[in-house]
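*Asks:* Handing you a structure now.
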Amino acid sequence: MLCLCYPFSRRAAVFWSDFITNRTSRIFFAILKMYRKFSFIGGPKDNLPEHFVVISNHQSLLDIVVFLKYFYPERIVRFVAKDALGKVPMVGKMLRSQGHCMIPRKGGAGIAMRSIEDFGKRMLVRKQNPIIFPEGTRSRDGSLGQFYSAGFRRLEETVRLPVVVCALDGGWKLSRIDDIFKNLHRGAYRVKILKIYDAPSSKDEEKKILEEAPVLIQAQLDKWRGMAEDSAEL
């Protein structure tokens, strides 16, 4: 249905994209829990502002699905992602129809920044919540990479929204299909909100968030990895 609707109706394409995303995530994690004892565990979402920017670590392409699942239906989120995902069958149509930001691999920093700025303006008009991964690429082994500032700063300077810092873990174990059967047993894909910042009003406040966020995320990753694999704690 998505492929049929995509060329003719954006509204229908968005409907089927959201339906597929939400339905697939529920089925996927239900299967993992049944056969591999691998669960999805999401933390509380109390005191969220009406609209916000999320920054998080990044471990897997499935992080996008996990965050859509985590915030849905209370909030609609959209992502800053590389345009290479647009070439993946079905995934590309879903991302484009939902209005995610597809950063061109070629074209330089100027085009990337304009893409993020246009995305931010779109999020304000649609009253949706942007998510950006400041690491810029997925962590293959679950370790936390360096946070880069340019994309976050351009997005925040466009939208001027509160910033929600999240940590996630477990996605790196799903980076390849065969990893699902080799690495998964009595584990979990965890997502948790760590801190909510007021909208930064200066570059110094943006810098402070980018300095504090990886420290908070690393501390949470260390805590999770010190727990038993079958723990349901957050």
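*Asks:* Which members of region 135-164 meet the condition of being without any contact (Cβ under 8 Å) to a residue 60 or more places away in the chain and outside any loop (DSSP other than H, G, I, E, B)?
*Replies:* Matches in region 135-164: 150, 153, 154, 157, 158.
*Asks:* Still on this structure, please answer the following. Taking the conditions exactly as written (of a type in the set (S, T, N, Q), open to solvent by 50 Å² or more (accessible area, probe 1.4 Å) and out of contact with any His (no Cβ under 8 Å at 6 or more places or on another chain)), does residue 57 satisfy them or not?
*Replies:* So residue 57 does not fit the description; no.
*Asks:* Being without any contact (Cβ under 8 Å) to a residue 24 or more places away in the chain and of a type in the set (D, E, K, R) is the filter here, so list the residues in region 213-234 that pass it.
*Replies:* Once the filter is applied, which keeps residues that are without any contact (Cβ under 8 Å) to a residue 24 or more places away in the chain and of a type in the set (D, E, K, R), region 213-234 yields 222, 223, 233.
*Asks:* Only one of 194, 161, 174 is at pLDDT 95 or above and either aromatic (Phe, Trp, Tyr) or crowded, with 21+ Cβ neighbours inside 10 Å (or both); which?
*Replies:* Only one candidate passes the filter, namely 161.
*Asks:* Right, next: For region 123-134, give me each residue that is under 28 Å from residue 171 (Cβ atoms) and either without any contact (Cβ under 8 Å) to a residue 24 or more places away in the chain or open to solvent by less than 70 Å² (accessible area, probe 1.4 Å) (or both).
*Replies:* Answer for region 123-134, where residues must be under 28 Å from residue 171 (Cβ atoms) and either without any contact (Cβ under 8 Å) to a residue 24 or more places away in the chain or open to solvent by less than 70 Å² (accessible area, probe 1.4 Å) (or both): 123, 128, 129, 130, 131, 132, 133, 134.
*Asks:* For the list (1) open to solvent by less than 70 Å² (accessible area, probe 1.4 Å); (2) modelled with pLDDT of 90 or more; (3) closer than 23 Å to residue 189 by Cα, I need the number of the one condition that residue 85 fails.
*Replies:* For residue 85, the exception is condition (2).
*Asks:* List the residue pairs whose Cβ atoms are under 7 Å apart, where the first residue sits in region 182-204 and is on the phi < 0 side of the Ramachandran plot, the second is at pLDDT below 70 and open to solvent by less than 20 Å² (accessible area, probe 1.4 Å), and the two are 6 or more positions apart or on different chains.
*Replies:* Once the first residue is on the phi < 0 side of the Ramachandran plot and sits in region 182-204, its partners that are at pLDDT below 70 and open to solvent by less than 20 Å² (accessible area, probe 1.4 Å) give 184/32; 184/38; 187/38; 188/38.
*Asks:* Is there any pair with a first residue in region 59-70 that is at positive phi and a second that is in a helix (DSSP H, G or I) and open to solvent by 20 Å² or more (accessible area, probe 1.4 Å) whose Cβ atoms are under 9 Å apart and which are 6 or more apart or on different chains, and what are they?
*Replies:* Filtered contacts from region 59-70: no entries.
*Asks:* Based on what the data block shows, is residue 111 touching a helix residue (DSSP H, G or I) at 6+ places or on another chain (Cβ under 8 Å) and aliphatic (A, V, I, L, M)?
*Replies:* So residue 111 fails the test.
*Asks:* Within region 97-116, can you find the residues that are closer than 19 Å to residue 160 by Cβ and within 18 Å of the chain's Cα centre (by Cα)?
*Replies:* 101, 115, 116, listed by residue number.
The values are calculated or read from the model by the stated rules, or taken from the named source; none is laboratory data. Values in this document were obtained by computation on a predicted structure and should not be read as measured data. For neighbour counting, all protein chains shown are included, and Cβ atoms are generated from backbone atoms with ideal geometry for every residue, glycine included. Side chains included, ligands, DNA and RNA excluded: accessible areas come from the protein's heavy atoms. Shrake-Rupley method; radii C 1.70, N 1.55, O 1.52, S 1.80 Å.
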